[in-house]
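Right, one structure below, let's go through it.
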Amino acid sequence: MAIRILDGGMGRELLRIGAPFQQPEWSALALIQAPEFVRTAHDSFVRAGADFITTNSYAVVPFHIGDERFKADGLRLAALAGQLARQAADAGGQAVQVAGSLPPVFGSYRPDLFDAAAAAPLLNTLVEGLAPYVDVWLGETLSSTAEAKAAHAALNGDPRPLWLSFTLDDTADVEAILRGDAAPSLRSGESIETAFAVAASLGAKAFLFNCSQAEIMEAAVRRARAAQAAAQADIALGVYANTFVPERQRGPANSGLSALREDLQPEGYAAFARRWAEAGASIIGGCCGIGPEHIALLSQAVRAEFH
């Protein structure tokens, strides 16, 4: 099973390299004020060996940049995010592809705030801006199947592959999940099996989990693999976890920087990645807190072990 490598977390990498960075704009601030930092971050992940780099469009939504700025400049910023990723991929001298990020438009981890009618024009703007530059579409950090359906609808039949990546409820009893006494679920409470069935019905080519604790991912992949086998579905599985310190209840989305774990340095993260690959994941990368050094180890060591 060949492993395809995603990039890491754009926001924390921008912060690390000294880009303009603050709440509520998050990773969009560099796109607005100093886009050269975005290109630098992309270049770092390409050099690290990523097969896919993700457009810096996650925070190009009113939740982060405000309604007025989005109305006035959202389309241009989405296009700029696509252009910067495309330039970095093409300059890489290898077959690097661009994943167009379609985020949860009303805030991460908030399925309760989702409104399909209000989401449609926001996602349509992102799709229009990104479309000239991407190879695959990535609906990511999705907390519910409703968010996945909205991303699919916004593509309006675009023939490029759709990848759907869901975030898991890691405020639940993770120890019980690790023991097998409980099942991982989406943050909406929906099951892995339900999410997989919806992804399959939407024609998704990849079914992933992201922006959740590394520990919970293996159990989720195993359940997804069982669903994949039962449906005889040709859908790749993938993982890109975050490095957030576990919290029972997180504060409001976009309220501040979450603390990062010290035990998920590259070697520690790679150890988890090996377990995800053994469980059936063939697309592996990183989310918040995962930098080029992590991706380099995944690309060199983990990829070599699974082929």
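Values computed for the structure shown
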quantity: Flag for ALA151 being closer than 18 Å to ALA206 by Cβ, part of a helix (DSSP H, G or I), without any contact (Cβ under 8 Å) to a residue 60 or more places away in the chain and in contact with a helix residue (DSSP H, G or I) (Cβ under 7 Å, 6 or more places away or on another chain); calculated: yes
quantity: Odd one out for GLU215 among (1) closer than 23 Å to ALA259 by Cβ; (2) under 18 Å from the mean Cα position of the chain (by Cα); (3) surrounded by 17 or more Cβ atoms within 10 Å (Cβ to Cβ); calculated: (3)
quantity: Given (1) buried (at least 18 other Cβ atoms within 10 Å of the Cβ); (2) over 17 Å from PRO161 (Cβ atoms), index of the condition GLN228 fails; calculated: (2)
quantity: Any chance GLU175 is in contact (Cβ under 8 Å) with a residue 60 or more places away in the chain, part of a helix (DSSP H, G or I) and out of contact with any strand residue (DSSP E or B) (no Cβ under 7 Å at 6 or more places or on another chain); calculated: no
quantity: Index of the failed condition, GLY157 passing every other in (1) without any contact (Cβ under 8 Å) to a residue 40 or more places away in the chain; (2) in a loop (DSSP other than H, G, I, E, B); (3) crowded, with 22+ Cβ neighbours inside 10 Å; calculated: (3)
quantity: Only listed residue being farther than 14 Å from TYR109 by Cα and modelled with pLDDT of 90 or more, chosen from ARG179, ARG261, ARG223; calculated: ARG223
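Residue-wise test of (1) surrounded by fewer than 22 Cβ atoms within 10 Å (Cβ to Cβ); (2) over 22 Å from ILE283 (Cβ atoms); (3) aliphatic (A, V, I, L, M); (4) in contact with a helix residue (DSSP H, G or I) (Cβ under 9 Å, 6 or more places away or on another chain).
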site: HIS64; (1), (2), (3), (4): no, yes, no, yes
site: LYS71; (1), (2), (3), (4): yes, yes, no, yes
site: ALA79; (1), (2), (3), (4): yes, yes, yes, yes
site: GLY82; (1), (2), (3), (4): no, no, no, yes
site: ALA91; (1), (2), (3), (4): yes, yes, yes, yes
site: SER101; (1), (2), (3), (4): no, no, no, yes
site: GLY107; (1), (2), (3), (4): yes, yes, no, yes
site: ALA116; (1), (2), (3), (4): yes, yes, yes, yes
site: LEU123; (1), (2), (3), (4): no, yes, yes, yes
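The values are calculated or read from the model by the stated rules, or taken from the named source; none is laboratory data. Bear in mind the structure is a predicted one, so any value in this text is a computation, not a measurement. For neighbour counting, all protein chains shown are included, and Cβ atoms are generated from backbone atoms with ideal geometry for every residue, glycine included.
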